[in-house]
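Read through the structure below, which is laid out as structure tokens, and then see the notes.
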Amino acid sequence: MSSASAALPQPGRTKAFLRLVMIEHSVFALPFAYIAALTAMFQWDENIHWGRLLLVTVCMVGLRTFAMAVNRIIDREIDARNPRTAHRELVTGAMSVKHAWTGALVALVVFLGSAALLNPLCLALAPIAVIPMVVYPYGKRFTNFPQAILGLAQAMGPVGGWLAITGEWSWDAVILGLAVGIWIGGFDLIYACQDVDTDREIGVLSVPARFGIPAAVWGARVCHALTTALFVWYAVATEAGTFFWFGLMIVAGAFVYEHSIVRPHDLSRVNRAFFSVNGFIGIALFVCALLDLLVRGLTV
């Protein structure tokens, strides 16, 4: 076999890895890191620093890619026993564990390298950001509330976005981070309802498996009410303008719609709520936040 022929499987492995980590789902957390970073830029000198924004993007995508790959590797045996996840690449053999680890480690190096290029504080805190990413997939083995760990992991995105610009701690960023973490933890409660029977059968811990689907759905509603309140707090704390408040109205409407189509005894539209509505929430609020900052004087 020629060396050229031997190289042919590589693109297939790359595509399989991108499917494995669901790279397109970066849309959930990335917009909020941008909101934090751009708000920090506005407060700093009212200019967009494109180089730093690019590094924030690389950091976020690198860390999320590492987290998803590790999640899939650790959960591959559980995934094989769940009909909904039995098609995943590490279960079917489309991706080997070795290649998944290779991709995960490359993503980790990219994350740490881009953090180092930002500022010393980002580099110092980067290893701490990795911890919940590794702990989360084990969470379903020792706690009924693994979504709390997921929320903590996701909350670090906006905090990191702010730190990347200023190199200093910001409680405003913490407010936004908590909003994002509780939001994502909340819709993961809904998503986990799909696996309640399988989770109980194989011993996977979750809120739906322990307390039932109605409790999980109501828990998600409480989470999203808290998220809305935290978004309002963030808007007040950062003295946001009209466009941002308009974005919050859109978000609140999207939450109402999401919970109108997902009910304890009707999970047929969970995927629409999970992928379409939540993806829309992130993009809509980012667009409104960006317009608000531009109107208030942020210079491109």
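The values are calculated or read from the model by the stated rules, or taken from the named source; none is laboratory data. Nothing here was measured: the structure is a model prediction, and the numbers come from that model. Here the Cβ is made from the backbone with ideal geometry for all residues, glycine too, and neighbour counts use every protein chain on show.
What's the number of the condition T227 fails, among (1) surrounded by fewer than 20 Cβ atoms within 10 Å (Cβ to Cβ); (2) modelled with pLDDT of 90 or more; (3) among the polar types (S, T, N, Q)?
Failing condition for T227: (1).
Give just the number: which of (1) within 21 Å of the chain's Cα centre (by Cα); (2) within 17 Å of L150 (Cβ to Cβ); (3) surrounded by 18 or more Cβ atoms within 10 Å (Cβ to Cβ) does A209 not satisfy?
Going through the list (1) within 21 Å of the chain's Cα centre (by Cα); (2) within 17 Å of L150 (Cβ to Cβ); (3) surrounded by 18 or more Cβ atoms within 10 Å (Cβ to Cβ), A209 breaks only (1).
Of the residues in region 252-300, how many are in a strand (DSSP E or B) and of a type in the set (S, T, N, Q)?
Number satisfying all stated conditions: 1.
Would you call R52 part of a helix (DSSP H, G or I), of a type in the set (D, E, K, R) and in contact (Cβ under 8 Å) with a residue 60 or more places away in the chain?
Taking the combined requirement at face value, the residue satisfies it.
For region 63-78, give me each residue that is more than 26 Å from G113 (Cβ to Cβ) and surrounded by fewer than 19 Cβ atoms within 10 Å (Cβ to Cβ).
Once the filter is applied, which keeps residues that are more than 26 Å from G113 (Cβ to Cβ) and surrounded by fewer than 19 Cβ atoms within 10 Å (Cβ to Cβ), region 63-78 yields R76, E77.
Collect the residues in region 183-205 that are farther than 21 Å from V277 by Cβ and of a type outside the set (A, V, I, L, M), keeping them in residue-number order.
Of everything in region 183-205, those that are farther than 21 Å from V277 by Cβ and of a type outside the set (A, V, I, L, M) turn out to be D197, T198, D199, R200, E201, G203.
Looking for something farther than 19 Å from F280 by Cα, touching a helix residue (DSSP H, G or I) at 6+ places or on another chain (Cβ under 6 Å) and either of a type outside the set (K, R) or at pLDDT below 95 (or both) - is there at least one such residue anywhere in region 247-255?
no
Taking A37 as the residue in question, decide whether it is at pLDDT 95 or above and in contact with a Leu (Cβ under 7 Å, 6 or more places away or on another chain).
The answer is yes for A37.
Could you grab the pairs with beta carbons closer than 8 Å, sequence gap of 6+ or different chains, first residue in region 87-100 and surrounded by 12 or more Cβ atoms within 10 Å (Cβ to Cβ), second one in a loop (DSSP other than H, G, I, E, B) and not small (G, A, S)?
Listed by first residue and then by second, the contacts come to E89/M95; V91/T85.
Give me the pairs, please: first residue somewhere in region 63-79 and of a type in the set (V, I, T), second residue anywhere and surrounded by fewer than 19 Cβ atoms within 10 Å (Cβ to Cβ), beta-carbon distance under 7 Å, and either six or more positions apart or on two chains.
T65/I23; V70/V134; I73/V97; I73/W101; I74/Y138; I78/I202
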